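Student: What follows is a structure written as structure tokens; I'll ask about it next.
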Amino acid sequence: MFNALVMDKDEESGLASASVRQLTLDDLPHGDVTVAVEYSTVNYKDGLCLSPKGGGLVRAYPHVPGIDYAGTVEASSDARYKPGDKVVLTGWRVGEAHWGGYSQKTSAKADWLVPLPDGLDARRAMAVGTAGFTAMLAVMALEDHGLTPDRGPVLVTGAAGGVGSVATAILGHLGYQVAAVTGRPETGDYLKSLGATTIVPRDELNETTKRPLESETWAGCVDAVGGAMLARVLGQMKYGCSVAAVGLAGGAALPATVIPFLLRGVNLLGIDSVMQPYENRVRAWKRIATDLPMEKLEAMIQPAALSDLPQLGADILKGQVKGRVVVDVNT
Ligand SMILES: NC(=O)c1ccc[n+]([C@@H]2O[C@H](COP(=O)([O-])OP(=O)(O)OC[C@H]3O[C@@H](n4cnc5c(N)ncnc54)[C@H](OP(=O)(O)O)[C@@H]3O)[C@@H](O)[C@H]2O)c1
């Protein structure tokens, strides 16, 4: 027997609710690898999957959410994995269309897993989670397009959130000047402790402007917000520099002009963590192990248990989660 957070749908109301239930191995879907999950986390998508209508992501009920997890292989029919191996999983619609990580046991396709790199245990891997993994992908994309610390300050939007916190810590560690945009002034000290050099109030960038170009300010940007803020940032980029578009916390529309692309050679780089090829996943997790200062990661951790998840899911949808929630599924 093992515990899992199961979402059941009430047929009458059509709404789903979550409860911690005891299941058996026979309940697990078929997969190449059975994993004893140790830790999971809470992402915006988890908040959607935990909501009564499943956020349009959950395909069928009963459902076990949790879009990422880390743990130990218990059994494997795939030669790449053996019992005792430490693994991490993000993406592939796990926790949305497939059984997720809010469970003490799970099964997965071997192709979906990544071996944990040296220097990263399961708890820290989930302090990083999909948000941190995506932040690393964004930094790698900016570097691949020429970003170096001497080119100038890098903007991080949604900085006190999961992606933003880890992006701030990685960039600070790599020697960048980091301007952290936040709508929560009380997180200023926290963001500075992570590596931010300047705090930019959200309102300064949320206002729309009719000017397609403003003064050239940023050498790079990790954008978790999208919407009007991303449109504004595009007009403030330095010549030939890039924005990594990661999220839509502020909206999916992009009310921008093409002028920054045409007159300043600005690049807008799309970042997708879900279908990311295996080689790049391995590269990103290795970079996380070396370039994310672990003591700063520890400072971001907010511990939680399976039973805390319904509330945390609601909190993250309201933008009220700071840093990284680490869910110990065995408590
Ligand atoms: N591309 C991918 O593969 C991928 C992977 C993971 C996440 N994402 C997306 O990236 C985004 C961030 O994810 P996360 O896990 O970091 O979420 P999160 O922890 O909820 O952080 C989002 C942050 O955005 C800011 N924010 C929220 N509402 C806003 C608004 N209306 N206007 C401006 N800023 C706002 C807040 O930061 P402050 O309080 O500091 O202002 C909030 O903490 C989400 O949209 C998520 O879906 C994409």
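The values are calculated or read from the model by the stated rules, or taken from the named source; none is laboratory data. As the structure is a prediction and not an experimental result, all values here were calculated from the model. Neighbour counts run over all protein chains shown; Cβ positions are idealised from the backbone, glycine included. Side chains included, ligands, DNA and RNA excluded: accessible areas come from the protein's heavy atoms. Shrake-Rupley method; radii C 1.70, N 1.55, O 1.52, S 1.80 Å.
Student: Against the longest principal axis of the chain, how steep is helix 162-173, in degrees 0 to 90 to the nearest 10, with axes from Cα atoms?
Tutor: 60 degrees
Student: Sort 314-320, 83-89 for me by packing, meaning the mean count of neighbouring Cβ atoms within 10 Å per residue, highest on top.
Tutor: 83-89, 314-320
Student: Using a 1.4 Å probe on the protein heavy atoms only, what accessible surface does F2 show? Give it in Å² to the nearest 10.
Tutor: Its accessible surface works out to 10 Å², give or take rounding.
Student: How far, in degrees from 0 to 90, does helix 122-144 lean away from the longest principal axis of the Cα atoms of the chain, to the nearest 10?
Tutor: 30 degrees
Student: Keeping all protein chains in place, calculate the accessible area per residue for the chain (probe 1.4 angstrom), answer in Å².
Tutor: Heavy-atom accessible area per residue stands at 42 Å².
Student: In addition: State the Kirkwood hydrodynamic radius of the stretch 129-270 in Å, one decimal place, computed from all pairs of distinct Cα atoms.
Tutor: 14.5 Å
Student: Right, something else. What's the tally of Lys pairs in the chain whose alpha-carbon atoms lie under 13 angstrom apart, where the two lysines are 8 or more places apart or on different chains?
Tutor: 4
Student: So, one more: Convert each backbone phi in the stretch 152-161 into a coupling constant with the Karplus relation 6.51 cos²θ - 1.76 cosθ + 1.60 (shift: θ = phi - 60°), then list the ³J(HN,Hα) values in order as whole Hz, x for Gly and Pro.
Tutor: x, x, 10, 8, 10, 9, x, 5, 7, x
Student: Based on the Kirkwood radius over alpha-carbon pairs, what value in µm²/s does the Stokes-Einstein equation return for the translational diffusion coefficient of the stretch 83-200 at 37 °C and 0.692 mPa s?
Tutor: Answer from the Stokes-Einstein relation: 208 µm²/s.
Student: How much accessible area does H173 have with a 1.4 Å probe, in Å² rounded to the nearest 10?
Tutor: Spelled out: H173, probe radius 1.4 Å, area about 100 Å².
Student: Tell me, what ³J(HN,Hα) does each residue in the stretch 292-303 have, in order and in whole Hz, if you take phi through Karplus 6.51 cos²θ - 1.76 cosθ + 1.60 with θ = phi - 60° and put x for Gly and Pro?
Tutor: Ordered by residue, 3J(HN,Hα) equals 10, x, 5, 5, 6, 4, 4, 5, 8, 6, 10, x Hz.
Student: Leaving ligands, DNA and RNA out of it, report the carbon-plus-sulfur percent of the accessible area of the chain at a 1.4 Å probe.
Tutor: Ligands and nucleic acids excluded, carbon and sulfur reach 52 percent.
Student: Quick check: with the 1.4 Å probe, what order do E295, E216 take by accessible area, largest first?
Tutor: Largest to smallest exposure gives the sequence E295, E216.
Student: Relative to the longest principal axis of the C-alpha atoms of the chain, give the angle of the C-alpha long axis of helix 278-291, reported between 0 and 90° and rounded to the nearest 10°.
Tutor: Result, in degrees: 70.
Student: OK, next. Using the alpha carbons of the stretch 230-274, what is the convex hull volume per residue in cubic angstrom, as a whole number?
Tutor: 71 Å³
Student: Order R202, R59, R151, most accessible first, counting only protein heavy atoms with a 1.4 angstrom probe.
Tutor: Order by accessible area, largest first: R59, R202, R151.
Student: Please report the Cα spread of the chain along all three principal axes, rounded to whole Å, starting with the longest.
Tutor: Cα spread of the chain along its principal axes, largest to smallest: 61, 47, 35 Å.
Student: Separation of the stretch 260-331 and the stretch 1-41 by C-alpha centroid, Å?
Tutor: 23 Å
Student: How would you order 13-25, 64-76 from highest to lowest mean count of nearby Cβ atoms within 10 Å?
Tutor: Listed from highest to lowest mean packing, they are 64-76, 13-25.
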